[in-house]
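The values are calculated or read from the model by the stated rules, or taken from the named source; none is laboratory data. Every value quoted in this text rests on a predicted model; they were computed, and no experiment measured them. Methodologically, a virtual Cβ is constructed for each residue, glycine included, from the backbone with ideal geometry; neighbour enumeration extends over all protein chains shown.
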Amino acid sequence: MNEDTSVPPTSPTDLVSRTLTPLSSGYQEVEHGTYARYLTAGLQQPKVFNIALTGGYGSGKSSVIEYIENSKELTVLNVAISSLGNDLGEPGSAAKGASKGADLTNRIEKAIVKQLLYRESPKKLPASDFHRHSKFPVVRATLTSAAGVAGAVAIPVLLGWNLDFLGQGAEEWLTGAGALGIATAGLTTVRAFLHQRFSVSQLSAVGASVTLAQRPTSYFDKYLAEIVYFFEVTDYDVVVFEDLDRFENPGIFEALRELNTILNESNQVGRKVRFVYAVRDSVFEKLGQEPTSTAPGPDGGEEESSSGTDGASTTNLQGDVDAAQAEVERANRTKFFDLVIPLVPFITHRSAHELLAKLFPEGEAHRPSDELIDRVARHVPDMRMLKNIRNEYCVFSEQLLVQGKGAPDLSPDTLLSLVLYKHFHLADFEKIIHGRSDLDTLYKAYRATVNDSIRDTDERLRALDSADSDASVAQAQADELGARFTELVDIACHGQKMLSITVGTTEFGTQVTDWLKFWRQAAADGSITVTVSRQVYNVPPPFKIETATLERVLNHPLTGDGFKNRATRSVEERRKHQDNRNFLRGASMAALNSRTEFTAHDTGLPLAHVIGALKSELTRELIREGYSDHNFTLYVAQFYGNRLSKNVQTFIVRNVDTNTSDANYQLSPDEVVSLLAEAGPRCLRGASAYNVSVLDHLLGHRDPQATLVLDRLAAFGKDEQLFVETYLSNGEHRDRLSAGLSSRWPHTLVYLAHEAQLDASRRVAYVDAALSALNPDISYDAEDALGEFLATNYAGMTSYTGELQQAQVDTIVATTEKSGARIADLSALHPTMLRAVVEADLYPLTTTNLRAAMESAPTIALDRVRGDSEALYADCLEQPEAFLAAVADDDETEFTIDEPQHFAGILDDVAGRWNAEHIEALIAGSSPACRFTRLAEAPTETWVPMAAHHRFPATIANIQDYRAEQGIDDALGNLLTAAEAIELHDKVAQSELHSLATALLNSRTAIADPAHRVRLTQSLDLAEPLEPSDVPAEAGRLLSLLLAERLVADTEEIFARFAGTDWATIESAMSASAAFRRPSVARDSS
């Protein structure tokens, strides 16, 4: 389409010279003189009574007829039938045997009869039986009534009757005259009242009846007498029939010829009457195309007759129409006429341009472009149509363009295109105001194509994002395999220098920079060639490595989809889809017509298919070239929204008024402002608010009215879901939409994290925005998918890493806990969030997390944890194994408990919670300074590991307490061995000491060395020696040590106690005994 041809509005005075062109014909000597002379000459020929003036529409037939109508030598009657109507046929006529064609002929005859008989006034046809209503003739009726009254009075007078009221005086005569006047007036009044109210329908006499024959079905036959009478009393000698050809019924010409013959042979008419027919030649094209026709038979039924000449059939045995016979039949049109005068076409699609251009002269205000005029002329080769189009355009342009009542930026070309649509599609044009026209259907298809194609484009972009993610994984795998391959090649070269690596015909040199390309090439080629150099030979032969072999060595598929078929999407492809999306959002119907790759989902067809289905080629062409656009609704009537652009008005008409959504209808920021000012409440409370431009404005300006839209979206029906998906792909403030939804809709987080079709980076941003706006009064849905997403992406969300109000933090943490997510690394969190996560125990207990939670603590020892955070300390108590592992992994932390003053308290806390293994590890890892003076102050669960790790002194009280609880076990034995003596700080009864000494000497399992046991017993400072029965009869050095330290009496009884041991034991004891008596011992031993 050319540039806009609109011009500035002009005042009405600029169009004073513009007048409407009459559509009626006009005789022009230059154009019509030849035909007029032929027709005049034909009408003067004595044997020519039926003349056909043939030519197409707009050829000038009416102009020629106008010439003879204005002739003073001829009296011309014009009969033009524009429509038959629905009531012209007789009811039941078809049922009585009349064929469809015969019925149409009959209806045309009826229309002709009506035009003839209604043409003249009833008084000119006084003898006509054709009953017609007419005005009551007051004067004539008064005169005739007066004459009747006078006659009624005159008869008695003439008969000699005496009429008393007729006196001889003046007074009597006046009285009589008054009576006569009153009688005359009364009679006239009665006649006026009865005028045309009654008619005689039947006459009968007693005993007699008359039965008439059935009336003929032809209207010419029925009213033949009336027709003849009509021509008798009138002076018409030429009858012109126009528009008969529009009914495509050649049979009427045969009936008219028959009527003309009757009129010309009738002595009643008394003159010659000629019929002139203005018809198209094509009306006779029908002849010869129908193999048979039906006509009323003699009995009123139907009989078949050949449509060929002389009864010859025009069809062969297969039923096909014989072309030669058909042409002969068409040629028989001459049998209807005595003279045929053809008219050379006055206008064609080629000459129509010049004629239409003259109707729109150069320099005229608001003149359409030459390009459009030329385009229209090619489709409208008819002068009347051209004039009418010009007239309608003049009226529309004066109202809409000159007076400024049209839509903003309405151009002459656009206005003319709508006038053309009105001209050729009258009924459909009227439907535009109701939104039910073909153009409205096209508009709906246009918007559906735009919205569906944008949705498809967004899906392709998301697929590219996913593919890019896959490509990153593939690249990492390729690089890793490349490193392993390089190591294998180095080994295979045995210290020789590698010269190149070749795959197929592609040489990668010695350093492969793109391993993904390398592996794809290897997968396609099946082998890799490595060339190396040798010290002895200058050109060594290369060696090949088969891909299948590499698969086994590298333990990774190289020929599957991983490298062979995976393709990295190019930047150009992404740019192409983004360009498509930008194109679609602003595409006109004309622009979209040429892009057949874009289709609507419901039909699967492009817009070009819908445009191609419109009912006229001119309309299709005007839309394809952009003369008619999607704002056509605004162009068909006066425009009252002067404050609004036509784009906004179209949106109001199409969407606001109909409460329908159009997500991608593009509105500028200023247009959105004007839209909301004009129709804000109606728009925002309905589906029309589901528009990207509208929501961009509301969210961008933080307009409070956005709540109206967000509240509706939170219902999340089908329409709401489609719009949210569209906005998340195309909107400017997607994060604010996510936040707005999350404050209203419990399913927001699950939808954004799992259900919505989004790429990974956007999904994180939208979930982050939703988390920051959570409503504490809403219980949010939290599925496993949400938990997995949060656990994976929390570090990239400012909701976790940024500063928030405590209430927000608490809501986020509660939702995170509900989803089952665990925060793997607390160091990524904001301190406020970190504390809340710790308190909710939503993290694993690791070195990193302990360090993050205790930022200022020098170590992560349990006493440091206890002093830093009760929640953190509680988590450590609940997870002893994790805590101990964290301490072990931390290079900065040496002890599990640093400060001895916290030792007792911590042991109290772990007692009953931790198992013996964890307690022992805690005590073993604690600072050596962590000890108890009195064992009784420590939980009994901790005594064994404390003894094992020497965390209390070997005092008599501690030993006695421990012994009472655990006995002398390995742990206590270890402690006592290390101590070598038992401290006697407290006063203890000798009996207790003797009991302990006995236990110590009998604790061989816990204290294997008898010397240690004796030394510990010696440290008890016993007042009396032990009884032999208190001492275990243990082979070895025990007895000799006891005797040496005088812990037992050196008596025969003690030796008897050990008599069952070996000789070495006795011999050692003998050497230590001062009072040993050999004979007695010898006898016992024997």
Would you confirm whether any residue within the stretch 33-56 is modelled with pLDDT under 85 and assigned to a loop (DSSP other than H, G, I, E, B)? yes
Tell me which residues, restricted to the stretch 644-683, are among the acidic types (Asp, Glu), modelled with pLDDT under 90 and in a helix (DSSP H, G or I). 678
Residue list for the stretch 218-272, restricted to those being of a type in the set (Val, Ile, Thr), outside any helix (DSSP H, G or I) and surrounded by fewer than 18 Cβ atoms within 10 Å (Cβ to Cβ): 234
Those residues of the stretch 651-679 which are over 22 Å from the mean Cα position of the chain (by Cα) and buried (at least 17 other Cβ atoms within 10 Å of the Cβ), in sequence order: 671, 674, 675, 676, 679
A careful count of residues in the stretch 772-797 that are assigned to a helix (DSSP H, G or I), out of contact with any helix residue (DSSP H, G or I) (no Cβ under 6 Å at 6 or more places or on another chain) and over 20 Å from residue 839 (Cα atoms) gives 3
Does the stretch 982-1010 hold any residues that are surrounded by 14 or more Cβ atoms within 10 Å (Cβ to Cβ) and among the small types (Gly, Ala, Ser), and which are they? 995, 997, 999, 1003, 1006
Unique residue being at pLDDT 70 or above, assigned to a helix (DSSP H, G or I) and not polar (S, T, N, Q) when the list is 371, 327: 371
Quick test for you: out of 376, 380, 450, pick the one residue that is outside any helix (DSSP H, G or I), touching a helix residue (DSSP H, G or I) at 6+ places or on another chain (Cβ under 7 Å) and surrounded by 19 or more Cβ atoms within 10 Å (Cβ to Cβ). 380
Being in contact (Cβ under 8 Å) with a residue 40 or more places away in the chain, crowded, with 20+ Cβ neighbours inside 10 Å and of a type in the set (Gly, Ala, Ser), is that true of even one residue in the stretch 729-751? yes
Looking at 426, 464, can you tell me which residue is under 25 Å from the mean Cα position of the chain (by Cα) and either within 30 Å of residue 581 (Cβ to Cβ) or modelled with pLDDT of 80 or more (or both)? 464
For the stretch 987-1078, please list each of the helices (runs of 4 or more DSSP H) lying entirely inside it that holds at least 3 residues being out of contact with any Phe, Trp or Tyr (no Cβ under 7 Å at 6 or more places or on another chain) and over 28 Å from residue 967 (Cα atoms). 1052-1057, 1063-1072
Counting only residues that are of a type in the set (S, T, N, Q) and either outside any helix (DSSP H, G or I) or surrounded by fewer than 17 Cβ atoms within 10 Å (Cβ to Cβ) (or both), the stretch 938-969 contains a total of 3
Look at residue 811 and say whether it is outside the structural domain of residue 928 (by TED's automatic domain parsing), in contact (Cβ under 8 Å) with a residue 60 or more places away in the chain and buried (at least 19 other Cβ atoms within 10 Å of the Cβ). no
When you scan the stretch 976-986, how many residues do you find that are part of a helix (DSSP H, G or I) and in contact with a helix residue (DSSP H, G or I) (Cβ under 7 Å, 6 or more places away or on another chain)? 2
Between residues in the stretch 771-784 that are within 15 Å of residue 806 (Cα to Cα) and residues that are of a type in the set (A, V, I, L, M), which pairs lie under 6 Å by C-beta distance while being six or more apart or on different chains? 771/812; 773/739
Scanning the stretch 888-937 residue by residue, those in a loop (DSSP other than H, G, I, E, B), crowded, with 16+ Cβ neighbours inside 10 Å and of a type outside the set (Phe, Trp, Tyr) turn out to be 890, 893, 896, 897, 898, 899, 926, 927, 930, 931
If you check residue 703 against the conditions, is it surrounded by 19 or more Cβ atoms within 10 Å (Cβ to Cβ) and either under 13 Å from the mean Cα position of the chain (by Cα) or among the acidic types (Asp, Glu) (or both)? no
Residue set 906, 923, 956, 919; condition touching a residue at least 40 places away in the same chain (Cβ under 8 Å) and closer than 19 Å to residue 865 by Cβ; output residue 906
Select, from 857, 828, 840, 852, the only residue that is surrounded by fewer than 23 Cβ atoms within 10 Å (Cβ to Cβ) and closer than 17 Å to residue 789 by Cα. 828
Please state which one of 692, 724, 636, 709 is more than 28 Å from residue 770 (Cβ to Cβ) and either among the charged types (D, E, K, R) or out of contact with any Pro (no Cβ under 9 Å at 6 or more places or on another chain) (or both). 636
Could you tell me which residue of the stretch 492-510 is nearest to residue 557 (Cα to Cα), considering only residues that are at pLDDT 75 or above and of a type outside the set (Ser, Thr, Tyr)? 503
Failed item in (1) at pLDDT 55 or above; (2) more than 30 Å from residue 391 (Cα to Cα); (3) in a loop (DSSP other than H, G, I, E, B), with residue 93 passing the rest: (1)
